Amino acid sequence: MRTKMLEVEGLKKHFHLSGGGVLKAVDDVSFYVYEGETLGIVGESGCGKSTTGRAVKGIYGITEGKVTFNGKNITSMNKRERKQFARDAQMIFQDPYSSLNPRMTVGELIGEGIDIHGLMRGKKKVKRIYELLDLVGLNKEHINRFPHEFSGGQRQRIGIARALAVDPKFIVCDEPISALDVSIQAQVINLLEDLQREFQLTYLFIAHDLSMVRHISDRVGVMYLGKLIEMASTEELFTNPMHPYTKALISAIPVPDPIQEEKRETIYLKGDLPSPMNVPSGCPFRNRCPIATKECAEEVPAFEEKTDGHRVACIHV
Amino acid sequence: MENENKKVLEVEDLRISFDTYAGEVQAIRGISFDVKEGEVVAIVGESGSGKSVTSQGIMKLLPTPPARYKSGAIRLEGKDITGYNRKQMEKLKGSKMAMIFQDPMTSLNPTMKVGRQIAEGLKKHTNLSKDKIHSRVIELLTMVGIPDPDDRANRYPHEFSGGMRQRVMIAIALACEPKLLIADEPTTALDVTIQAQILKLMDKLNEETGTSIILITHDLGVVAKMADRIIVMYAGKPVETGNKHDIFYNPKHPYTWGLLGALPRVDTDKKEPLKSISGTPPDLISPPKGCAFANRCEHAMEVCLEHDPAMQEYGEGHTAACWLHHPNAKEYLDQIMEKHSFGVGGEKYANQNAGG
Amino acid sequence: MDIAKEKFRHVGKDNEKGELITRKSDSFWKDVWRRLSGNKAAMFSLVFLVLLLIMAIVGPMMTPQSYNVNDLMNTNQSPGKEHWFGTDSLGRELWDRVWIGARVSIAIGFMAAIFQTIIGLIIGGIAGFYGGRLDMFIMRFIDVMISIPYLIFVILIMVIMGSGIVPIVIAIALTGWLEMARLVRGQIMQLKNEEFIISAVSLGAGSLRLIFKHLIPNTLGVVIVSLTVAIPNAIFAEAFLSFIGIGIKPPMTSWGQLADIGMQVMQVYPYQLLIPAVFISLTMLALQLFGDGLRDALDPKLRK
Ligand SMILES: Nc1ncnc2c1ncn2[C@@H]1O[C@H](COP(=O)(O)OP(=O)(O)OP(=O)(O)O)[C@@H](O)[C@H]1O
Ligand SMILES: Nc1ncnc2c1ncn2[C@@H]1O[C@H](COP(=O)(O)OP(=O)(O)OP(=O)(O)O)[C@@H](O)[C@H]1O
Ligand code: SF4
Ligand SMILES: [Mg+2]
Ligand SMILES: [Mg+2]
């Protein structure tokens, strides 16, 4: 039996908007992440991926539900446990331009975690920063430079070094490559994979690029309007998607191979993603779903295991 | 591809620089290409390689200064438009060529109803009556797949979703049936399911109205789906051009190899590490003397550092600029071609006509 | 092309060079200085302000007379070789009085501006950082304060504390911090949602670190700009108070007070009004232009 590093049960995160409405960014999401694996989360913009990642990392207070990290509920930790959690779980961000404080040097940025957790000081700390720079493929001379002097890929590596500085066990990667060029994406993905192998890291990998998620993840969950609608091992999900939304999503990615691309059948969904302010009743996908029936409007489909380890939320599967 | 088609656009040795405090940024260092009638030409390349500057340069959208046209000629349907001023361009825009951008919100007027924005071009460039214009607006909105166009025409851009705004942009661009549509990353800001809809729409327009399209993107999947011809740019210059099959199955330039190698492979079960291109592109303030890709190129030779390789033809319409294909480098090229297959699609296509 | 065959020797990629940053390193402030120094109006203003400061220090020492010694033999002398800026109705050297007045005006301007910036920074920072009910309370309080005419407020303070430099500074600062607090709060609110702040929170940073290492350094640009706006405002406020007769009391002087006295003899000895008025205007203008230049130089949107 593999150990579950992170368990999320019935997670809800609702934002109360200044206009008075309630935005259900994440609505009743349950999943777990095994130690040492990479769980991919995909879905369209605004479906609540980042909110899930941040809630799991304890950045937001959560509206409802339970997040357990290494057996401890993150909302009822004592001060020492909270500090340890802040160290064990790290985060890498999407935008390499806004996720680094523009007024801090690379050395200060990477060293910040070391300072916060009082791990090292003086020469030892500098040596460690050099080590980290080397680990992510930057050179020593970069230590006194400012973030704006780096390219997107280099900045993303600074962000990774910053997270690694405190020896984390778990990293939430929130679209770490979507702002980068194709050629640079591969650098970052390879780095993340190498680091995972070297330090036995566990990743929650959020992205909307399905092919990269397919490459890096062991299991993948698909979100739609605040809900998980399908989750399975990567192979299973991509070869045998069951939810009509997952099917459409996978079919919509153009394949970078003209012959295969020609042969492929794309499922075109009608309409746009509804606003998360007024999610349709019943199945959130029903107004765009090619196989929706009356029944779909009646109740929210349960997120059930259909075959071994393959969970789907659709009454017509 | 229908051959012997009329050329809609010809660009010849276009060079554009920006004068900045740090020096002259040589954003475009010589690009030549043409677009035939009904053709979709895709421009791909790293961020900062000059894709947007090329397209904005053609449309005369760059503020001068800091931009400066250093050389080159642009011909639209055979007519030289290089020296056109703002007013003359204004006439061409909309009627002959149109452009859509990545972020539709920046180019839509937030205070004007969508229907009126579409009608503007028609008023300017045609002498249709009011009723005719209105029915054309509705027709356009229907064509780009906006549901309930009569109602939607009277709404403001902020009441539209991102995908719908992009459709409106396309409707505006197509109002006067331009010969050429330049689309700068039209779907980058959109979700894949919406992207699929927009690409289908552009494809349909290209087929039905024969509008030529220059499609700028960094998504090689989109290129594989849409393009007839592909221009791969690096550091302000094209490094390889060719049709889909040339570029994807028989690429010649190491940068193209790198781009294709960096994509996760879905056709093999084996989980191999991605091939990454390390390093960063050169600073265009002081571009290198030799090949701009040399500092990141696995196969770089001494000559690459000293001389800039010229474009060579390797088959009809398939050109690349790389010293590896020089006769003096044949031994080394044969060696690496034996070991690797550089296109996508695995062994099938490897060595199909290696060496050109 | 005939290039020697040995030139085709494989050398491979140059990883070191591939990651090298070729442009020279510019820290944020160096970058700001570069842009600022490119702005002619701002640089002119800076030179003017520096000269003004130097003169405020050495100016009075350049003449044998003193600013507060009456010389009834030489009253209302026109500017000339003898008396560079002329003398006033008590025969005091205007040259000396202008520079002494400059000392007072500049001191009041700086102190009041710095004072109100500190108050605004702290209160706006607290409101923005903690948000919620505290924020609402503070903001309502500021709204109320702003709606009270500021002169009423100032006169009240002067009545309680009497006149002099310190009460004036306090009076100006106590009304000036309101805008600053609003500004800082807005900035902090905006910054709080930036990814780099979330990144610091995620690393486990405490409130103190967030405020002093992340939030304040990133609001500094805006704060400095409004500081350069606050200084001329304070100088003008002082001039106005002295002008209406509730500011600095003689024999101490300030530009506002000089203008007030000059005003009384404007018809006969226009230079007595003109000279302080020109100094007030030029200084205000210079500070404004410098502030504008600084704002442009600090604006990250112009940064590449
Ligand atoms: N602080 C907040 N206040 C109010 N609404 C929020 C807040 N943060 C997120 N939301 C809303 O919650 C929903 C989910 O947002 P989230 O950022 O989690 O989406 P996402 O799946 O990460 O999207 P993307 O792919 O665009 O990053 C969105 O509709 C967003 O507007
Ligand atoms: N106004 C400007 N001033 C100075 N340099 C500029 C300006 N606009 C563009 N450049 C430079 O010109 C080069 C080409 O930029 P361009 O926007 O065409 O790149 P791109 O290929 O479109 O990249 P992306 O994929 O990021 O859109 C870049 O090096 C850029 O820094
Ligand atoms: S010319 Fe040389 S450096 Fe440039 S791509 Fe070809 S082999 Fe590489
Ligand atoms: Mg997100
Ligand atoms: Mg661009």
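The values are calculated or read from the model by the stated rules, or taken from the named source; none is laboratory data. Keep in mind the model is a prediction, meaning the values are calculated, not measured. Glycine also receives a Cβ, built like all others from the backbone with ideal geometry; neighbour counts cover every protein chain displayed.
Observations on the model:
- Residue check for B:Ile194: away from every other protein chain (no Cβ under 13 Å), touching a residue at least 24 places away in the same chain (Cβ under 8 Å) and touching a Ser or Thr at 6+ places or on another chain (Cβ under 8 Å): no
- The lone exception for C:Leu20 - which of (1) within 14 Å of chain B (Cβ to nearest Cβ); (2) at pLDDT 70 or above; (3) out of contact with any Leu (no Cβ under 9 Å at 6 or more places or on another chain) it fails: (2)
- Among residues of the stretch A:209-236 being touching a Lys or Arg at 6+ places or on another chain (Cβ under 8 Å) and within 14 Å of chain B (Cβ to nearest Cβ), the one that is nearest to ligand 4 (Cβ to nearest atom) is A:Met223.
- Residues in the stretch A:11-67 that are within 14 Å of chain B (Cβ to nearest Cβ) and surrounded by fewer than 23 Cβ atoms within 10 Å (Cβ to Cβ) were compared, and the one that is farthest from ligand 5 (Cβ to nearest atom) is A:Glu37.
- Among the residues making up the stretch B:12-43, those that are outside any loop (DSSP other than H, G, I, E, B), more than 9 Å from ligand 2 (Cβ to nearest atom) and either among the hydroxyl-bearing types (Ser, Thr, Tyr) or under 30 Å from A:Gly153 (Cβ atoms) (or both) are B:Leu14, B:Arg15, B:Gly23, B:Glu24, B:Arg29, B:Gly30, B:Ile31, B:Ser32, B:Phe33, B:Val40, B:Val41, B:Ala42.
Residue-wise test of (1) closer than 25 Å to A:Asp88 by Cα; (2) in contact (Cβ under 8 Å) with a residue 24 or more places away in the chain; (3) among the β-branched types (Val, Ile, Thr).
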position: A:Ile177; (1), (2), (3): yes, yes, yes
position: A:Leu180; (1), (2), (3): no, yes, no
position: A:Ala186; (1), (2), (3): no, no, no
position: A:Leu210; (1), (2), (3): no, yes, no
position: A:Glu236; (1), (2), (3): no, yes, no
position: A:Ala248; (1), (2), (3): no, yes, no
position: A:Ala252; (1), (2), (3): no, no, no
position: A:Pro256; (1), (2), (3): no, no, no
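- Inspection of the stretch A:179-192 identifies no residue that is among the hydroxyl-bearing types (Ser, Thr, Tyr) and more than 7 Å from chain B (Cβ to nearest Cβ).
- Count - residues of the stretch A:249-278 that are at the interface with another protein chain (Cβ under 8 Å from one of its Cβ atoms), at negative phi and not in a helix (DSSP H, G or I): 10
- Listed conditions (1) more than 19 Å from the chain's Cα centre (by Cα); (2) surrounded by fewer than 21 Cβ atoms within 10 Å (Cβ to Cβ) are all met by A:Ser183, apart from (2).
- Any hit, the stretch A:78-101, residues being without any contact (Cβ under 8 Å) to a residue 60 or more places away in the chain, crowded, with 21+ Cβ neighbours inside 10 Å and more than 20 Å from the chain's Cα centre (by Cα): yes
- Hey, A:Met212 within 13 Å of the chain's Cα centre (by Cα) and closer than 24 Å to B:Tyr255 by Cβ or not: yes
- Residue in the stretch C:144-151 that is modelled with pLDDT under 90 and not in a helix (DSSP H, G or I) present: yes
- Selection within the stretch B:269-309 - facing another protein chain (nearest Cβ under 8 Å) and aliphatic (A, V, I, L, M): B:Leu274, B:Ile277, B:Ile285, B:Ala294, B:Ala300, B:Met301, B:Val303, B:Leu305
- For the stretch A:90-100, the candidate set comprises residues that are facing another protein chain (nearest Cβ under 8 Å) and not in a loop (DSSP other than H, G, I, E, B); within that set, the residue that is farthest from ligand 4 (Cβ to nearest atom) is A:Gln90.
- As for the stretch C:209-223, it holds no residue that is more than 16 Å from ligand 4 (Cβ to nearest atom), away from chain A (no Cβ under 14 Å), at pLDDT below 80 and closer than 24 Å to C:Val50 by Cα.
- Just one residue in the set A:Ile116, A:Ile129 is among the hydrophobic types (A, V, I, L, M, F, W, C) and within 10 Å of another protein chain (Cβ to nearest Cβ); that residue is A:Ile116.
- For the stretch A:166-194, the set of residues classified as at pLDDT 90 or above and in contact with a strand residue (DSSP E or B) (Cβ under 9 Å, 6 or more places away or on another chain) consists of A:Val166, A:Pro168, A:Lys169, A:Phe170, A:Ile171, A:Val172, A:Cys173, A:Asp174, A:Leu192, A:Glu193, listed by residue number.
- Cross-chain or 6+ apart pairs with Cβ under 7 Å, the stretch B:103-130 first and touching a residue at least 24 places away in the same chain (Cβ under 8 Å), then of a type in the set (Lys, Arg): B:Pro104/B:Arg165; B:Met105/B:Arg165; B:Leu108/B:Arg165; B:Lys113/B:Arg155; B:Val114/B:Arg152; B:Val114/B:Arg155; B:Leu122/B:Arg136
- Scope the stretch B:67-77; condition under 12 Å from B:Ile16 (Cα atoms) and surrounded by 14 or more Cβ atoms within 10 Å (Cβ to Cβ); matching residues: B:Ala67, B:Arg68, B:Tyr69, B:Lys70, B:Gly72, B:Ala73
- Scanning the stretch B:310-328 for residues that are within 9 Å of ligand 3 (Cβ to nearest atom), farther than 22 Å from B:Arg229 by Cα and more than 8 Å from chain C (Cβ to nearest Cβ) yields one hit, B:Leu324.
- Residue count, the stretch B:44-86 (criterion: of a type in the set (D, E, K, R), away from ligand 5 (no atom under 13 Å from the Cβ) and assigned to a loop (DSSP other than H, G, I, E, B)): 2
- Residue check, B:Leu263 at pLDDT below 90, more than 14 Å from chain C (Cβ to nearest Cβ), surrounded by 21 or more Cβ atoms within 10 Å (Cβ to Cβ) and more than 16 Å from ligand 4 (Cβ to nearest atom): yes
- Restricting the stretch B:141-164 to residues that are among the aliphatic types (A, V, I, L, M) and within 18 Å of B:Ser107 (Cα to Cα) leaves a set whose member that is farthest from the other protein chains (Cβ to nearest Cβ) is B:Ala153.
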